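Accompanying notes for the structure given below.
Bear in mind these aren't lab numbers, they're just calculated from the coordinates by the rules spelled out. Quick caveat, the model's predicted, so the values are computed rather than measured. Glycine also receives a Cβ, built like all others from the backbone with ideal geometry; neighbour counts cover every protein chain displayed.
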Amino acid sequence: MPADSDILAVARMLRIAGREVTRRRDAHAASLGLTSSQADALTFIREHPGCMIADLGAYSGSSHQAARTLVERLRERGLVEVSVSDRDARARVLEITPRGILLHDRFLAMGAESFGNIRESFDEGEVRDLRDTLERLMALLGLERTVRSVFLW
């Protein structure tokens, strides 16, 4: 069993590293005129074509109204298209637009450039081990629902 001081040191390093990752990610999103929530939404919609606003809300842990507002802002900027579901006229289906894909690609490229030293410093097995360890930690903290989005830049 690890010593308490080791666990506290790991927690401190995770907090500091997480804060820096968040700072850089927020700066990249802002430089493209996006909020972090909007960048996350573009990632989700791109990876789940034909998803519904309710799916986005569940993924992000936000209310349906908050998800609708987020989608409306993205729609107004021409980054997503919203249509009525064929299965349920009350539901709205989401698709990322070519403009949204372009902006999302720029966002991902910024992350790859900003954290390229990490990719170059770890081999594939080390990254997989780190990911597995972080997923386990998140599960132990009761954050299983957010594990899906941890490694989405």
Among ARG131, ARG87, ARG23, which one shows the biggest mean-square fluctuation in a GNM of the chain, springs joining Cα atoms closer than 10 Å? ARG87
Ranked by how many other beta carbons lie within 10 Å on average, peptides 79-85, 53-59 from highest: 53-59, 79-85
Relative contact order (percent) for the chain, with alpha-carbon contacts under 8 angstrom and 6 or more residues of separation? 21 percent
Centre separation in Å (Cα based) which lies between segment 1-49 and segment 97-117: 15 Å
With runs of 4+ DSSP H residues as the only contributors, calculate the mean residue ellipticity of the chain at 222 nm using -39,500 (n - 2.57) per run, divided by the residue total and rounded to the nearest 500. -21500 deg cm²/dmol
How many nm is it between the label spots at MET1 and LEU143, if each spot is 7 Å from the Cα in line with the beta carbon? 2.4 nm
Given Cβ point charges of +1 (Lys, Arg) and -1 (Asp, Glu) and nothing else, what value in debye, to the nearest 20, does the dipole of the chain about its Cα centre take? 600 debye
